[in-house]
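Visitor: Take a look at the following structure, please.
Values quoted throughout were computed directly from the atomic coordinates according to the rules given, and no laboratory measurement underlies them. These numbers were taken from a predicted model, which means no experiment stands behind them.
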C-alpha cells in the first residue's frame, strides 16, 4: 500500500526541560523565531505558531515527538502579530481538537483577520506582506477562547496562569507555568538571540512594536513577570533564557533609555533617523560591554529588523503622546 502521509520538512528542534520543545518557525532566518511545543501526559499545546510557512515545521515537530495532531488541546497565542500568530488559522485546520486561546482584544482578529492583514500590509508593503505571510486564514468563532487576566488553564493536569501584559501590544498576554517556574513571554520580555550570548550570559533588548508601545505599561508588565520569580523564560525571539533578575533589570533600564531617546529627538527634523541612530549606538555599546563575539556588521544584520520596528514604535509613541 502506498504511504499517503504528506511529506513534511525536517524541523529544527531544541529540547528543554519539563516537556518543552522549541521549534524554529523558519521566519526570516533560523534562530530568529521559535514556537514552543509543550507535552504533558500525552497531550500537547503550542505557544505561538509563526506564519503560514511555519505550519509544516510544527506538524513535523509533532511527528518527531510521536504526537498526533489530535493530541493538541491548545494553540496559546501571546498576541496576534503575524510573526507569532499569522499561521494560526492554517494550523488550526490540522488540529481537530484544539482551541485557540487569545486575549479578548486579539480574538476578533483571529476570527476575521481582514483588518489585521490590512494593517500589516500597510507596515510591510503589499509585496513583502504577501511573501512573508500570504493569506491569513480565519478561525471559527467557536474554536476561539477569549481569556481573562488571572485565569487558569489545564493541560492534562498541568496548569498555566494567564496574565495580561500590555506594553508591547494592548492585546498581549503570557502563560505562567508555576509548577515548573517558567513563563512563555511572547514579546513582553524582549528578544534575546542566541548568537549574541557571551560568557556573561544572554544579551537582551526590548521590542516596542510599531503601533502600541507604551513604556510605562511595558515596565509594569516586566515587573509583574519578575514578581513570579521564574527560573526560566521562553521568548519567541529566541527561546529559553535564565538569569532572569539580571535580564529584567537590563530590560527595565533599556525601556527607560528608549523613552529618553524618543523624548530627546521629539523635535528633530528627521525624528526617525535621529532615534534610529541613537538606538543603534545604544545597542552597539551594550553588546560590546556584554562581550558579544559577533562583528559589528553581523550585529547590525541581526538587529536590523528590530532597529527599524523599535524606531517606528518610538515615533508612533511620540505622536500618540502628543495627541
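Visitor: Given the options 166, 178, 11, state which has the largest fluctuation in a GNM of the chain using a 10 Å cut-off (strictly under) for Cα springs.
Guide: Fluctuation is largest for 178.
Visitor: Return one number: the angle in degrees, 0 to 90 and rounded to the nearest 10, between the long axis of the Cα atoms of helix 271-290 and the longest principal axis of the Cα atoms of the chain.
Guide: 80 degrees
Visitor: Roughly how far apart, in whole Å, are the Cα centres of the stretch 176-227 and the stretch 5-27?
Guide: Here the answer is 22 Å between Cα centres.
Visitor: Most mobile of 68, 200, 140 per a Gaussian network model of the chain (Cα springs, under 10 Å)?
Guide: So, out of 68, 200, 140, the one fluctuating most is 200.
Visitor: Okay, next question. Would you give the gap between the C-alpha center of the stretch 57-105 and the C-alpha center of the stretch 235-296, rounded to a whole Å?
Guide: After rounding, the separation between the Cα centres reads 32 Å.
Visitor: Restricting to bridges with both residues inside the stretch 13-262, how much of the DSSP beta-bridge set is antiparallel, in percent to the nearest 5?
Guide: 70 percent
Visitor: Here's a follow-up. How big is the Kirkwood radius of the stretch 84-144, worked out from every pair of different alpha carbons and given in Å to one decimal?
Guide: Evaluated over the stretch 84-144, this radius sits at 12.0 Å.
Visitor: Springs between alpha-carbon atoms under 10 Å, Gaussian network over the chain: tell me which of 77, 225, 132 tops the mean-square fluctuations.
Guide: Top of the fluctuation ranking is 132.
Visitor: Any chance you could give the angle, 0 to 90 degrees and rounded to 10, that helix 296-322 forms with the longest Cα principal axis of the chain?
Guide: 80 degrees
Visitor: Any idea what the alpha-carbon Rg over 2.2 N^0.38 Å comes to for the chain?
Guide: 0.97
Visitor: Moving to a separate point now. Helix 114-124 sits at what angle to the longest principal axis of the chain, using alpha carbons and giving 0 to 90 degrees rounded to 10?
Guide: Tilt relative to the chain: about 40 degrees.
Visitor: Which three numbers, in whole Å and largest first, are the semi-axes of the equivalent ellipsoid of the stretch 238-323 derived from its Cα gyration tensor as √(5λ)?
Guide: Value: 24, 16, 11 Å, ordered largest first.
Visitor: Rounded to the nearest angstrom and ordered from largest down, what semi-axes does the equivalent ellipsoid of the stretch 219-261 get from its C-alpha gyration tensor (root of 5λ)?
Guide: Its equivalent ellipsoid spans semi-axes of 19, 12, 9 Å.
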